[in-house]
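What follows is a single structure, written as structure tokens, with notes after it.
The values are calculated or read from the model by the stated rules, or taken from the named source; none is laboratory data. This one's a predicted model, so the numbers in the text were calculated from it and none came from an experiment. Cβ placement follows ideal geometry from the backbone for every residue including glycine, while neighbour counts extend to all protein chains displayed.
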Amino acid sequence: MIFTLVESIRVAWLGIVGNKLRTLLTMLGVIIGVAAVIALTSVGQGAQVQATSQITALGSNLITVMPRGNGYRIEEKDLPELRAIAPGILYAMPTVTAGQQTVKAGGDPVEVDIEGGNADFLAVRERQMATGSWYTEQDVTSRRRVAVLGTTTATNLFGEGASPLGQTFRVLGQSFTVVGVLESAGTGFMGQDQDDRIYVPYTALSRLMGLNRIPSLILKTRSGDDSAVVVQQVTDYYAAKFRNPDGIRVQSQDQLLETVNSMTQIFTLLLGAIASISLLVGGIGIMNIMLVSVTERTREIGIRKAIGAKKRDVLLQFLVEALILSVTGGIIGILFGALGARGISAVLGFPAVVTSSSVMLSFTFSMAVGVLFGFYPAVRASNLDPIEALRRD
Amino acid sequence: MISIRNMTKVYGTGETKVVALAGLSLEVTESEMVAIMGPSGSGKSTLMNMIGCLDRPTAGQYFLADQEVGAIDDNRRAEVRNQHIGFIFQTFNLLPKLTALQNVETPLVYRGFGMSRRHKLAQEALERVGLGGRGHHRPNQLSGGQQQRVAIARAIASHPSILLGDEPTGALDSRTGQEVLALFQELNEEGRTVVLVTHDERVAAHCKRVVRLSDGLIVSDVNNTERLDARAELARMALPGGEVAKAR
């Protein structure tokens, strides 16, 4: 004598399609909740993907060495010592950056980021030249004012098609000669142009900026395993030098990825949690409507009980109805959430990644909401006394 | 078929105590057609709820089809209603969103019957009440008399032990009521046990036996020597034959 699930679904479905506007309004809460969860977590996931790809775009197996405070310095003379104690170091490149400097060639002045490196740049960053050549070790040691341009900067300064090789531009009151143009790295995330940059010997840039130390050092190793060893060796080196293990931060790319990932994960969770609140509100909406529905259909419940419906038949009928509402709302919400994610990514130029786990999670969550908030009204319905219920209009 | 022994039903306690049934006993054998009558407050509705297994007596026993059903739990009670009782209400109580056929099928759904078996039994029951062609109509597309006949089809579809009518003609005009009474008489003649709870003497006059209640006890229990024949009356009315006869 089992009132089968199929029958519950059929009966519940009749109840739902019988009142389309109310059904839609009831589902709206869940739709918005699920859509918000999907869209917002997709932004969080997108941030993670973006951060990861930005970090890996810098090259692989890199270690960043940076002082943490004013009392700690990385100096020129550290380099040979580091190479000696950490043979895993393939390349070591001091890096100086000067953001948004006014650069002037023939035409209008432009604002460009300037990065100082050394002759190992191409190997460290895994880049190629388009024309000309990278500046030499000789250029670095002699602090020669030579420059390699990104393709966008080359065009901005010297015009489309013109060869910038041998041309000069002025920045920070000094004149630099172009020796090469890098091959394009393409557009980064958020529409950031990775080709709008000028690369000069770090020695020359340090002098222009009046620096007497190396702001940061980039080391490259053969593999991730080597990186781990080198990180320890370099950390030990500076710990001994400054009698403080925390004076200089030595971080491998893997560690950086881990840090960034855990941060974006917290970000994603936070966004998801905020969005879940609206899903919860949607669930309360379902409970509200289900309670109204039970009251309105008291007579129907009475009739069904009189002709042989058991408690669990009535319970199942209303529970299934709540479930259909929440699950249908969940599915529609997932579709809208995915659309919303696309919209966000189109408008903000930000990647929004809808993961299968966030879809599964919000689907399960909306189902749980249906069961949770549908249960109380269903119990109320199933506990109605048939005599009382039949007396009601 | 029905055997009620010393049944009492008391609502409330202390000063608000109301005795609805005061040690009532009643036997109804198979193929009987009994009218239960009485003024309001006589315990007639309570007795109907008891016979229909909707309520639980305070004391006493109730045997229905040789089963003691007075003290069983709610689930069993629902099963007994489903298998042994065919309810017919004053206001039909069809489910408005379901078609006539689906309404007739509903008790069979709770019985656990499969789709094809349900369809077959429901269709048979509809044909029995002369509405074989109206299965796809919704209750609001049917007249009152037709709705009550759908309700009767729902009651007989699973071949219950008794048909239990609560003022089944109360919401119908006299002619349609007559048709419904004719249907009850036919079903009774086919061997079904019929119990009608009513305050209408004309309904009672169509039954073989009339039981009258007062203050929760039976005050009179007589067999109608000359019970009225609803079909004959219909034949005498202005339109000979009536709707029931036509439909069949």
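Some observations on this one:
- Test: residue in region A:71-85 that is within 14 Å of chain B (Cβ to nearest Cβ), without any contact (Cβ under 8 Å) to a residue 24 or more places away in the chain, of a type in the set (A, V, I, L, M, F, W, C) and in a helix (DSSP H, G or I): no
- Of the residues making up region A:242-254, those that are under 19 Å from A:Gly69 (Cα atoms) and in contact (Cβ under 8 Å) with a residue 12 or more places away in the chain are A:Phe242, A:Asn244, A:Asp246, A:Gly247, A:Ile248, A:Arg249, A:Val250, A:Gln251.
- Any hit, region A:179-195, residues being closer than 27 Å to A:Gln253 by Cα, part of a helix (DSSP H, G or I), out of contact with any helix residue (DSSP H, G or I) (no Cβ under 6 Å at 6 or more places or on another chain) and among the charged types (D, E, K, R): no
- Residue within region A:255-270 that is under 19 Å from A:Ile74 (Cβ atoms), in contact (Cβ under 8 Å) with a residue 12 or more places away in the chain and out of contact with any Cys (no Cβ under 8 Å at 6 or more places or on another chain) present: yes
- Of the residues making up region A:202-241, those that are of a type outside the set (A, V, I, L, M), over 33 Å from the mean Cα position of the chain (by Cα) and under 16 Å from A:Ala98 (Cβ atoms) are A:Thr203, A:Ser206, A:Arg207, A:Gly210, A:Asn212, A:Arg213.
Yes/no matrix, rows are residues, columns are (1) within 11 Å of A:Ile38 (Cβ to Cβ); (2) crowded, with 17+ Cβ neighbours inside 10 Å:
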site	(1), (2)
A:Ala338	yes, yes
A:Gly343	no, no
A:Leu348	no, no
A:Val354	yes, yes
A:Ser358	yes, yes
A:Val369	no, yes
A:Asn383	no, no
A:Arg391	no, no
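- Of residues in region B:122-134 being among the hydrophobic types (A, V, I, L, M, F, W, C) and away from chain A (no Cβ under 14 Å), the one farthest from B:Ala151 (Cα to Cα): B:Leu131
- Single condition A:Trp13 does not satisfy, out of (1) of a type outside the set (Asp, Glu); (2) buried (at least 22 other Cβ atoms within 10 Å of the Cβ); (3) closer than 30 Å to B:Glu79 by Cβ: (2)
- Qualifying strands (runs of 3 or more DSSP E) (wholly inside region B:3-118; at least 2 residues being under 22 Å from B:Ser161 (Cβ atoms), in contact (Cβ under 8 Å) with a residue 40 or more places away in the chain and away from chain A (no Cβ under 11 Å)): B:18-28, B:33-37, B:59-64
- Tally of residues being in a loop (DSSP other than H, G, I, E, B) and of a type in the set (Phe, Trp, Tyr) across region A:86-108: 0
- For region B:103-157, taking the residues that are of a type in the set (Lys, Arg) and surrounded by 24 or more Cβ atoms within 10 Å (Cβ to Cβ), the one that is nearest to B:Leu172 (Cα to Cα) is identified as B:Arg149.
- Failed item, numbered, when A:Val30 is tested on (1) crowded, with 22+ Cβ neighbours inside 10 Å; (2) in the same structural domain as A:Ile89 (by TED's automatic domain parsing); (3) farther than 14 Å from A:Tyr238 by Cα: (2)
- Residue list for region A:274-329, filter: in contact with a Pro (Cβ under 8 Å, 6 or more places away or on another chain) and away from chain B (no Cβ under 14 Å): A:Met287, A:Met290, A:Leu291, A:Val294, A:Phe318, A:Ala322
- For region B:19-47, the tally of residues that are among the β-branched types (Val, Ile, Thr) and surrounded by fewer than 13 Cβ atoms within 10 Å (Cβ to Cβ) stands at 1.
- Among the residues making up region A:357-393, a single one is part of a helix (DSSP H, G or I), polar (S, T, N, Q) and either more than 27 Å from A:Gly285 (Cα to Cα) or within 14 Å of chain B (Cβ to nearest Cβ) (or both): A:Ser382.
- Listed by first and then second residue, the pairs linking a residue in region A:372-387 that is without any contact (Cβ under 8 Å) to a residue 40 or more places away in the chain to a residue that is crowded, with 24+ Cβ neighbours inside 10 Å and part of a helix (DSSP H, G or I), with Cβ atoms under 8 Å apart and 6 or more places separating them unless they lie on different chains, form an empty list.
- Positions within region B:79-120 being among the small types (Gly, Ala, Ser) and over 13 Å from the mean Cα position of the chain (by Cα), in sequence order: B:Ala100, B:Gly112, B:Gly114, B:Ser116
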